[in-house]
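Below is one structure, written out as structure tokens, with a few remarks after it.
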Amino acid sequence: MGTKNGQKDYGIYADNRDVISLFSGAMGLDIGLGRAGLNVVIGQDFDASCVATMRENGHKVLGGDIREIEPGQILELTGLHIGEPFLICGGPQFRERFVLIGSRDKEDIFLPISTHFQMHQNKEYQWQTVRSAIGSLEFEQGECAAFGEERLKFLKMIPEGGNWRDLPEDLISIAMGGAYKSGGGKVGFYRRLSYDQPSPTVVTSPVQKATMMCHPTQNRPLSVREYARIQQFPDDWIFTGTTAAKYRQIGNAVPIGLAKAIGKAVLAVANATAFVQTKRFRGTNVHSKIRNAIELGGNLYAVK
């Protein structure tokens, strides 16, 4: 791949589109923004393994606690002045994705609309499955965590796409332990993924009891590379640190496709190309139904 200022070129870089990235982690958000046409000039994180990952991939990074970093330090490292950064982005990790976009210039910001659906006539716009992401890596395990013998004993009884509910009735309470009588759906206990379903949320460890990510056909957790594939990292992206640290970096990352969509929405607003002015919107009733269908997940048959 090409480079810009000594950095790997994972996207299209544009003039005057410089980005300062905070809480950058493994740079999933940053790679996606680069693919949208933005230029991430510096990353920041307090986690030493994340800082090492950014540097290993050729990116400028400022390590340390954001509460102890002066804004001037970041500007000095980037050569930018107050008011010059096109975008300042950050990703604080929670399992639910909350996206907030603000405009210093009070622009009419919008969030990107859905592009992929459960039902679509074009396969390119259907939901992606586990097979489409990691199918080619089935027998190329590479770096991978391992399940303990006790958990592996029960996982071998789980069919593809199943979980603890698929265990023999007399073994469920033994396998689940104290969690058996607890509340909640407990879908992540002894979970074996299905090749033909979309992946569940990639968590920070595939071997924890409540959030297992067992390979669809192999008796092992997803590998580090499979984790990265699901989050859409390039195959040559380098992760540093222990195996546990690599899983954590990938699990905490923003999926690159999501980041790219957000970046393109921001650019469309800045470039004034996001909206088409019309005097009349034909077929208002039909188009309203389509918009409602999109909000319901893309199923037109859900609209009466």
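On the phi < 0 side of the Ramachandran plot, part of a loop (DSSP other than H, G, I, E, B) and either modelled with pLDDT of 85 or more or touching a Gly at 6+ places or on another chain (Cβ under 7 Å) (or both): does that describe A210? Break it down into steps so the answer makes sense when it comes.
Numbers: on the phi < 0 side of the Ramachandran plot: yes; part of a loop (DSSP other than H, G, I, E, B): no; either modelled with pLDDT of 85 or more or touching a Gly at 6+ places or on another chain (Cβ under 7 Å) (or both): yes.
Considered against the rule, which asks whether it is on the phi < 0 side of the Ramachandran plot, part of a loop (DSSP other than H, G, I, E, B) and either modelled with pLDDT of 85 or more or touching a Gly at 6+ places or on another chain (Cβ under 7 Å) (or both), A210 comes out as no.
Just checking, how many residues over segment 56-69 are of a type outside the set (S, T, N, Q) and part of a loop (DSSP other than H, G, I, E, B)? Even if it seems obvious, please write down each step before you answer.
Restricting attention to segment 56-69, the residues satisfying the condition of being of a type outside the set (S, T, N, Q) are 56, 58-69.
Narrowing further to those that are part of a loop (DSSP other than H, G, I, E, B): 58-60, 64-65, 69.
Counting residues in segment 56-69 that are of a type outside the set (S, T, N, Q) and part of a loop (DSSP other than H, G, I, E, B) gives 6.
When you go through I101, I88 one by one, which is the residue that is assigned to a strand (DSSP E or B) and either acidic (D, E) or surrounded by fewer than 16 Cβ atoms within 10 Å (Cβ to Cβ) (or both)? Lay out the reasoning, then the answer.
On the way: I101 fails: assigned to a strand (DSSP E or B).
Every option except I88 fails the conditions.
Being among the acidic types (D, E), under 31 Å from the mean Cα position of the chain (by Cα) and part of a helix (DSSP H, G or I) is the filter here, so list the residues in segment 151-197 that pass it.
Looking only at segment 151-197, we keep the residues that are among the acidic types (D, E), and these are 160, 166, 169-170, 196.
Right, trim to under 31 Å from the mean Cα position of the chain (by Cα) and you get 160, 166, 196.
Scanning segment 151-197 gives a single hit, D166.
Go through (1) part of a loop (DSSP other than H, G, I, E, B); (2) open to solvent by 40 Å² or more (accessible area, probe 1.4 Å); (3) within 22 Å of V224 (Cα to Cα) and name the single condition V203 misses.
Here V203 meets the rest and fails (2).
From (1) open to solvent by less than 20 Å² (accessible area, probe 1.4 Å); (2) without any contact (Cβ under 8 Å) to a residue 40 or more places away in the chain, pick out the condition that doesn't hold for T211.
Answer for T211: the failing condition is (1).
Within segment 104-122, which residues are open to solvent by less than 70 Å² (accessible area, probe 1.4 Å) and in contact with a Phe, Trp or Tyr (Cβ under 7 Å, 6 or more places away or on another chain)?
First, pick out the residues of segment 104-122 that are open to solvent by less than 70 Å² (accessible area, probe 1.4 Å): 109, 112, 114, 117, 120, 122.
Scanning segment 104-122 gives a single hit, F117.
Exactly one condition in (1) surrounded by 13 or more Cβ atoms within 10 Å (Cβ to Cβ); (2) hydroxyl-bearing (S, T, Y); (3) in contact (Cβ under 8 Å) with a residue 40 or more places away in the chain is false for Y125; which is it?
The failed condition is (3).
Being open to solvent by less than 90 Å² (accessible area, probe 1.4 Å), in a loop (DSSP other than H, G, I, E, B) and not aliphatic (A, V, I, L, M): is that true of G72 here? Give the steps one after another, and end with the answer.
On the way: open to solvent by less than 90 Å² (accessible area, probe 1.4 Å): yes; in a loop (DSSP other than H, G, I, E, B): no; not aliphatic (A, V, I, L, M): yes.
Here the answer is no, as G72 does not meet what is asked.
Let me confirm something: among L33, L62, L77, which residue is open to solvent by 50 Å² or more (accessible area, probe 1.4 Å) and in contact (Cβ under 8 Å) with a residue 12 or more places away in the chain?
Working: L33 fails: open to solvent by 50 Å² or more (accessible area, probe 1.4 Å); L62 fails: open to solvent by 50 Å² or more (accessible area, probe 1.4 Å).
The unique qualifying residue is L77.
The values are calculated or read from the model by the stated rules, or taken from the named source; none is laboratory data. Since this is a predicted model, take the numbers as computed values, not measurements. Ideal geometry is used to build each Cβ from the backbone, glycine not excepted, and the neighbour counts take in all protein chains shown. Ligands, DNA and RNA are excluded from the accessible area calculation, which covers all protein heavy atoms including side chains. Shrake-Rupley method; radii C 1.70, N 1.55, O 1.52, S 1.80 Å.
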